[in-house]
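Visitor: Submitted below is the structure of interest, expressed as structure tokens.
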Number of protein chains: 2
Amino acid sequence: MNNAQFDATLDLVFEREVPLPPEAIWAAWTQPEHVVHWFTPAPWQTTECQIDLRVGGLFHTEMKGPEPGQQFSGIGCYLELLPHRRLVWTNALLPGFRPNPSFADSSCGDFPFTAQIELEPIAGGTRYTAIVKHRDAAGRAQHAAMGFEEGWGKALEQLIAHMQRI
Amino acid sequence: MNNAQFDATLDLVFEREVPLPPEAIWAAWTQPEHVVHWFTPAPWQTTECQIDLRVGGLFHTEMKGPEPGQQFSGIGCYLELLPHRRLVWTNALLPGFRPNPSFADSSCGDFPFTAQIELEPIAGGTRYTAIVKHRDAAGRAQHAAMGFEEGWGKALEQLIAHMQRI
């Protein structure tokens, strides 16, 4: 794990050993046709994904829940792209690095974060580490209460199943 | 000017021809010992500057006004560094790309922005373009009312004078 500016009081970490090479995990994260198959833990679905894979580029997902009206739009901006090694994006900025107006009102219930995915080749696969950085302890607590650990775990299982199937 | 995601309703642009080579302007922006000489329009002063010149790294300035108690801390994170060509940083993120908690409360009077400095070599010097991207029209209006055009103009004159003197 890259510990740069890691803060245990503000960040959440998810770490697993994955039986896929870093290249396959990178593809799963960076190609919309893969993202829709795994990004949202079932029974939620990712119905749309757009990716402009360059620093400052767009990462957009549309997510749909099992109940009518359960819909969520995720929009982010890539910050660092080291093919097969590190992918960093944030929802605090829109494409072109514009500050995201969604967070102008802190009472809207949503919170900004930066996600850093680290891929390290190991025997038999990849050490997969996600570090999610929040702006404050409240954001971290909210994300943890939403089921961060379980959600990322389920999504990663879906990623593995999908990439092993294709 | 790089027009990627430029939006005239949200952004402010400052453009000048400068009688310095791009290398000198780059040095003025990226070396603390230069920054303190020009970054804040007089009679304000930049009393401190720390720079960790890498993507995700810190850009920190301390500014002091002529009246007692007039003090302002600027903190930002570098997003893109193309030596002698383009420098992008934002105050919406802290170093390590962490969302900046200062903007959790929109009533605090401050506003997030991303500054993109473009340097293009021309005969006799550099075309210097600063594009400052805001999250909403209110942020743009507030920045304009603070004297964006005059402030960036005065700072650039100070930059030129300082780099011509050394």
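Visitor: Please go through the stretch A:20-42 and give me each residue that is open to solvent by less than 30 Å² (accessible area, probe 1.4 Å), hydrophobic (A, V, I, L, M, F, W, C) and either assigned to a helix (DSSP H, G or I) or modelled with pLDDT under 95 (or both), ordered by number.
Guide: Initially, the stretch A:20-42 is screened for residues open to solvent by less than 30 Å² (accessible area, probe 1.4 Å), giving A:20, A:22, A:24-30, A:34-35, A:38, A:40.
Right, trim to hydrophobic (A, V, I, L, M, F, W, C) and you get A:20, A:24-29, A:35, A:38.
Those that are open to solvent by less than 30 Å² (accessible area, probe 1.4 Å), hydrophobic (A, V, I, L, M, F, W, C) and either assigned to a helix (DSSP H, G or I) or modelled with pLDDT under 95 (or both): A:Ala24, A:Ile25, A:Trp26, A:Ala27, A:Ala28, A:Trp29, A:Val35, A:Trp38.
Visitor: Further question: Among the residues of the stretch A:157-166, which ones are closer than 16 Å to A:Glu23 by Cα and either more than 16 Å from the chain's Cα centre (by Cα) or open to solvent by 10 Å² or more (accessible area, probe 1.4 Å) (or both)?
Guide: First, pick out the residues of the stretch A:157-166 that are closer than 16 Å to A:Glu23 by Cα: A:159-166.
If the condition is that a residue be closer than 16 Å to A:Glu23 by Cα and either more than 16 Å from the chain's Cα centre (by Cα) or open to solvent by 10 Å² or more (accessible area, probe 1.4 Å) (or both), then A:Ile160, A:Ala161, A:His162, A:Met163, A:Gln164, A:Arg165, A:Ile166 are the ones that fit.
Visitor: Now, a different point. From A:Ala115, A:Ala130, A:Ala144, which residue is under 18 Å from A:Pro41 (Cα atoms), surrounded by 17 or more Cβ atoms within 10 Å (Cβ to Cβ), in contact (Cβ under 8 Å) with a residue 60 or more places away in the chain and of a type outside the set (Ser, Thr, Tyr)? Even if it seems obvious, please write down each step before you answer.
Guide: Working: A:Ala115 fails: in contact (Cβ under 8 Å) with a residue 60 or more places away in the chain; A:Ala144 fails: surrounded by 17 or more Cβ atoms within 10 Å (Cβ to Cβ).
Matching residue, one of A:Ala115, A:Ala130, A:Ala144: A:Ala130.
Visitor: Let me ask another. Specify which of the listed residues (B:Glu62, B:Glu80) is open to solvent by 30 Å² or more (accessible area, probe 1.4 Å), assigned to a strand (DSSP E or B) and within 8 Å of chain A (Cβ to nearest Cβ). Spell out the reasoning first.
Guide: Numbers: B:Glu62 fails: within 8 Å of chain A (Cβ to nearest Cβ).
Answer to the check: B:Glu80.
Visitor: Here's another thing I want to ask about it. Only residues that are open to solvent by less than 60 Å² (accessible area, probe 1.4 Å) and more than 14 Å from chain A (Cβ to nearest Cβ): list them for the stretch B:44-58, please. Let's see the steps before the verdict.
Guide: The first filter runs over the stretch B:44-58 and keeps only residues open to solvent by less than 60 Å² (accessible area, probe 1.4 Å), leaving B:46, B:49, B:51-52, B:55-58.
Across the stretch B:44-58, the qualifying residues are B:Thr46, B:Cys49, B:Ile51.
Visitor: What are the residues in the stretch B:100-112 that are open to solvent by 50 Å² or more (accessible area, probe 1.4 Å), more than 8 Å from every other protein chain (Cβ to nearest Cβ) and either over 16 Å from the mean Cα position of the chain (by Cα) or among the hydroxyl-bearing types (Ser, Thr, Tyr) (or both), if any?
Guide: Within the stretch B:100-112, B:Ser102, B:Ser107, B:Cys108 meet the criteria.
Visitor: Just to be sure, is A:Gln70 open to solvent by 40 Å² or more (accessible area, probe 1.4 Å), in contact with a Lys or Arg (Cβ under 8 Å, 6 or more places away or on another chain) and modelled with pLDDT under 95? Walk me through it before giving the result.
Guide: Working: open to solvent by 40 Å² or more (accessible area, probe 1.4 Å): yes; in contact with a Lys or Arg (Cβ under 8 Å, 6 or more places away or on another chain): yes; modelled with pLDDT under 95: yes.
When the stated conditions are applied, A:Gln70 passes them.
Visitor: Also, I was wondering about something else. Out of (1) within 14 Å of chain B (Cβ to nearest Cβ); (2) under 24 Å from A:His37 (Cβ atoms), what's the single condition that is false for A:Pro121?
Guide: Unmet condition: (1).
Visitor: Of the conditions (1) within 9 Å of chain B (Cβ to nearest Cβ); (2) over 17 Å from B:Leu93 (Cα atoms), A:Phe97 fails just one. Which one is it?
Guide: Result: A:Phe97 passes all but (2).
Visitor: Sort out which residues of the stretch B:1-60 are touching a His at 6+ places or on another chain (Cβ under 6 Å) and charged (D, E, K, R), and write them in order of number.
Guide: B:Glu23
The values are calculated or read from the model by the stated rules, or taken from the named source; none is laboratory data. What you are looking at is a predicted structure, and each value in this text was computed from that prediction instead of being measured. Quick reminder, even Gly has a Cβ in these numbers, built from the backbone with ideal geometry, and neighbours come from all protein chains shown. The protein model used for the area step is the full one, side chains on, heavy atoms only, and it has no ligands, DNA or RNA in it. Shrake-Rupley method; radii C 1.70, N 1.55, O 1.52, S 1.80 Å.
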